[in-house]
Amino acid sequence: MTASSTPLHAVLLDPHPIWLDAIELVLDRVGVTVVGKTSSGSEAVRMVDERRPDLLTVELDPLPGEPNGLDVLREVRSAAPELRAIVLSTHHGSGHIDRALAAGASAYIVKTAHPDDVASAVRQAFDNSVFMLGAGPVATSTAPDAPIRLERPGGLTRREIEILKLVAEGHSNAQLARMLWVTEQTVKFHLSNIYRKLDVANRTEASRWAQRNGLLGDELTIA
């Protein structure tokens, strides 16, 4: 998030307490304050109703006797349609991803993904721009080395731009997964988002888009 952004709050749902703590650490990096953590789906619904967070993170698998993550998603999104939800799950299958997105998730991330994937998903959900360091005619501040607010190319996240560049260089999904320390399913998920945002059908068209828009050879670092 940005320094001028309205503070964001989150409720976390996961059957394993260690993951609740790990997710809280990642969210803290992007300026999101956790106002509730629970392993109970029914408790998560109550927390969302009472605390009105901006974000819910949810694992699909429930504790015995608790509603599963999809049911929680449907219930909270029905009551609070403005709520953003991100699924963090151990399941890699496209069926799980499709059902989660249909239930109202803004993003689906497998737990083998890099923490940066989580941070990027949160940024994408709440902020359509990124910060770059440097000087140029679009600078909004005269302070030396001040962050410059630029529109993200194609609305892509930092991670998606990284993947798009590697795709344009000819790397396969398997190679990308090894290079980025994520699963191939995570790579496919990012690619599907890239194709949708750029309105292209495949990696060849995406690579041409990257070439036309000057992403190849771009030395700027995206925050």
- [ ] Scan region 132-178 residue by residue and report those that are farther than 16 Å from residue 120 by Cβ and modelled with pLDDT of 70 or more.
- [x] 167, 168, 169, 170, 171, 172, 173, 174, 175, 177, 178
- [ ] Can you give me the number of residues within region 30-70 that are more than 25 Å from residue 117 (Cβ to Cβ) and charged (D, E, K, R)?
- [x] 7
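The values are calculated or read from the model by the stated rules, or taken from the named source; none is laboratory data. Please read all numbers here as calculations on a predicted model, not as lab measurements. Cβ sites come from the backbone with ideal geometry, for glycine too, and all protein chains shown count toward neighbours.
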